[in-house]
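Below is one structure, written out as structure tokens, with a few remarks after it.
Any read-out appearing in this document is the output of simple, stated calculations on the displayed coordinates, not a laboratory observation. As the structure is a prediction and not an experimental result, all values here were calculated from the model. Glycine gets a Cβ as well: all are built from the backbone with ideal geometry, and neighbour counts include every protein chain shown.
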Amino acid sequence: MKLGKEETKRLFLAGTFALAVVYAFFNGLLGPVLRDQVAKRKSIAELAPQIQAAKLALAKAQESEKAAQSAKDVLAQIAQMTPHGAPVAWFPPQVAAAFKTEGSDKALTRLVGETPEKEIAGYDRVSWAIELPRIEFFSFGQALAEFENSHPLLEIYSLSIEGNREAAETQRVLMSAQHLIKK
Amino acid sequence: MALRLNLYHEIERDKRAKSRDPLKLGILAVLFAGAGMLSYYFWQLGVLRGVEQDYRLTRAQFEELVPKAEAAKKSEQEWANVVKAKERLLERMEERFYWAPFLAQVSRVVEGDVQITKLSGEVQAAKIRRCNIAVEGVAAGHDPRKTAEQLRVAIRDELQTRFRVVNATFRTLEESPTPASINGKIQGTALFQIQIQVASGEEAPPKPPTRKKR
């Protein structure tokens, strides 16, 4: 089959038009759609680990909240162990009452210092110097055991027991203690 | 043999030529390809709608969860502080040094031929609760030094039942010129000072050895 000149020209034009249409289709129609798909899929893939991490963080936070709730209950119980108000107003009478035994002199309790506790937020470390000028050793031992048990946030850091020269059957006690008290 | 004459051969040739017209075939091919391309385009458009829907859902989930997680992280720090405060307080309560049982143990081993004149001690504030105690007194007997030694050993043995580490050593032990009367008998005396060191609590585990670089 032999094509005429006019037909060749028309075929060439049709081919060029077809190429233009194909180019326009891929570049103007299908191209943006495919690019959009890729971009959206990439965004989904980027968000997925962040969502997973957020879910994990929420689950972890829920666990921490549970633990914190039980810790808060314990802290509330501990806080109830100490009376409200300035420690110097209620602690010395407690010491005097604890070591009040027959034949003993009144306990002398002095506030030495008060600093915020660094390791435990919301608590102050209160230092006391306690002097019991005249006690009897065995009744003192019993009173001390009761005192230590009834004040779980108090620790006696130093203790000195010395016989009284004027009354040999009695002793003089000096103690220094640190007390954790809720602000 | 019959002779067959085709009088329409020209018309048929024209017909055949028309049906093989490359322009017509080309137009048909282009139309076919165009229909295929359009179908593919609409199919991909549908896929894109699905992906966009997924993206919207994911984005909504992200926008809902991430601020919650950030808020939870901030609260978590507060909760961690509460838990830490509780643990520290309980640790303090459980690890403190109790003096009353210590005094009970010491008084249990002091016999009638020994008089304690002074007892003083100090607790070191650390994870391992070390306590240094000085016990001063007078020991009496036929051999007062031996009486004092018996007291030192008795104190050490008694305290070993409660504390992990116990050291009891004489700081001073010297005979006194002043005699003592025990049960009506005059006996020699010795002045002593016993230094006691006790430790309780758990030591931190040792660090694993680091491998030296070659």
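Evaluate the following for B:V106: is it farther than 26 Å from A:E146 by Cβ and assigned to a helix (DSSP H, G or I)?
Numbers: farther than 26 Å from A:E146 by Cβ: no; assigned to a helix (DSSP H, G or I): yes.
It is false that B:V106 is farther than 26 Å from A:E146 by Cβ and assigned to a helix (DSSP H, G or I).
Give, as residue ranges, the strands (runs of 3 or more DSSP E) completely inside the stretch A:89-183 that count at least 3 residues that are under 21 Å from B:Q105 (Cβ atoms). Before you say what the answer is, go through the steps one by one.
Working: elements: A:108-116, A:123-135, A:154-163, A:171-182.
Passing ranges, in order: A:154-163, A:171-182.
Would you check if there is a residue in the stretch B:57-64 being within 30 Å of A:Q178 (Cβ to Cβ), within 8 Å of chain A (Cβ to nearest Cβ) and aromatic (F, W, Y)?
Step one: filter the stretch B:57-64 for residues within 30 Å of A:Q178 (Cβ to Cβ), giving none.
No - not one qualifying residue is present in the stretch B:57-64.
All but one of (1) in contact with an Asp or Glu (Cβ under 8 Å, 6 or more places away or on another chain); (2) aromatic (F, W, Y); (3) more than 7 Å from every other protein chain (Cβ to nearest Cβ) hold for B:F42; state the number of the condition that does not hold.
It fails just one condition, (1).
Considering only the stretch B:17-53, how many residues are over 60 Å from the mean Cα position of the chain (by Cα), part of a helix (DSSP H, G or I) and not polar (S, T, N, Q)?
Step one: of the stretch B:17-53, the residues over 60 Å from the mean Cα position of the chain (by Cα) are B:17-39.
If we keep only those that are part of a helix (DSSP H, G or I) too, we end up with B:17-19, B:22-39.
Still in the running and not polar (S, T, N, Q): B:17-18, B:22-38.
So the answer is 19.
How many residues are among the β-branched types (V, I, T) and either in contact with a Cys (Cβ under 7 Å, 6 or more places away or on another chain) or more than 9 Å from chain B (Cβ to nearest Cβ) (or both) when one looks only at the stretch A:15-37? Quick ask: steps written out before the conclusion?
First pass over the stretch A:15-37, keeping only residues among the β-branched types (V, I, T): A:16, A:21-22, A:33.
Next, only the ones that are either in contact with a Cys (Cβ under 7 Å, 6 or more places away or on another chain) or more than 9 Å from chain B (Cβ to nearest Cβ) (or both) stay: A:16.
Selection size over the stretch A:15-37: 1.
Which numbered condition trips up B:I182, out of (1) free of Cβ contacts under 8 Å to residues at least 60 places away in the same chain; (2) touching a strand residue (DSSP E or B) at 6+ places or on another chain (Cβ under 7 Å); (3) over 20 Å from B:F102 (Cα atoms)?
Unmet condition: (1).
Is it the case that the stretch B:154-174 has a residue that's among the aromatic types (F, W, Y), in contact (Cβ under 8 Å) with a residue 24 or more places away in the chain and assigned to a strand (DSSP E or B)? First the steps, then the outcome.
As a first pass, look at the stretch B:154-174 and keep what is among the aromatic types (F, W, Y): B:163, B:170.
Within this subset, residues satisfying the condition of being in contact (Cβ under 8 Å) with a residue 24 or more places away in the chain are B:163, B:170.
Of the ones still in play, those that are also assigned to a strand (DSSP E or B) are B:170.
Checking the stretch B:154-174: at least one residue is among the aromatic types (F, W, Y), in contact (Cβ under 8 Å) with a residue 24 or more places away in the chain and assigned to a strand (DSSP E or B).
So which residues in the stretch B:139-173 are surrounded by 13 or more Cβ atoms within 10 Å (Cβ to Cβ) and over 46 Å from the mean Cα position of the chain (by Cα), if there are any at all?
Matches in the stretch B:139-173: B:A139, B:A140, B:G141, B:D143, B:P144, B:R145, B:T147, B:A148, B:E149, B:Q150, B:L173.
Return the total of residues in the stretch A:135-183 being more than 10 Å from every other protein chain (Cβ to nearest Cβ), among the polar types (S, T, N, Q) and either under 18 Å from B:I196 (Cβ atoms) or surrounded by fewer than 18 Cβ atoms within 10 Å (Cβ to Cβ) (or both).
The total comes to 3.
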